[in-house]
Amino acid sequence: YLAYPNEEKVIGSRSAFTALHAAMLRKQVWAVGELLLRAKKATSRLVAMVPQAEERDEEDGTQISPPGIILYSLPFEDDIRTIDEGNGDTANETLVNKAVELIRHQQMRGVDWGASFENPALTDFWNYIESIAIDIPLQQSENALDVDPDAILANARAQIKDLEMSLPEDEVKTTTRKRKAPTVDDSGVNWRELYDTDGVKGCSMATLKKYLGSVGEKVSGKKDELVERVKNSIVERIAAGTMPGGDNTGDADNAAATAANDVEAQDEEEV
């Protein structure tokens, strides 16, 4: 905001403002004040009041910047964040120089902004107004600001490659899912025998969870999901020869056959 006196609304404001402005410039100081914005809902904020001297062009005397006091909104305490040291990497001088070299090869020389080409958004807008006003077909304008990848590569292919080769390799962070430590299965169930007799689905959810917890498997889900998870675990343990409660000779084939029969029986029930 630029603050300046308004003699029509506050009589004597010009003299007070001029004295304050001159004193701040002379002493080279700035002040802290309160800004009250009178809108639909009045709000108050602390602002820094910085004096600005009048600046005029040396040749023709035209005013470049008016005299006044610039008001800068000061942040609230919650707006200020502390940055921990070492938070993030800083580009080294070599990398900065290569980036600067790339930018230099992307500059548009001999271009007068606002004169060398038209604003495509304004051009489309006025073409639309013209088509509505005099009932003519809408003209599609060419956008001179469209990015031309071939032109960019022609000007800075070497610089892009050079910068790319200088960038550090990305660190790939891998996250490993920690499995819960197995719990003790104190249900007293002979799971091998229960599986052979197709009695797993008759167990309560609490009993199923005790087995799943003892082998480090997930214990969440509906009962059908728990039963299927228990059966799959038993099949894997039989195939690996680590399932207690029976002879493991030839158990892999038997487990696979039993699993196939379970799927077939489930399909028949669904039909």
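No lab work stands behind these numbers, since they all come straight from the coordinates. Please read these numbers as outputs of a predicted model, since none were measured by experiment.
Over the Cα atoms of the stretch 1-76, Rg to Rh with Kirkwood Rh, two decimal places? Could the numbers behind the result be given before it?
Values: Rg = 14.3 Å, Rh = 13.9 Å.
A ratio of 1.03.
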Report the extension gain between Ala121 and Lys201 in nm, rounded to one decimal, defined as 0.36 nm multiplied by the number of residues separating them, less their alpha carbon distance. 22.0 nm
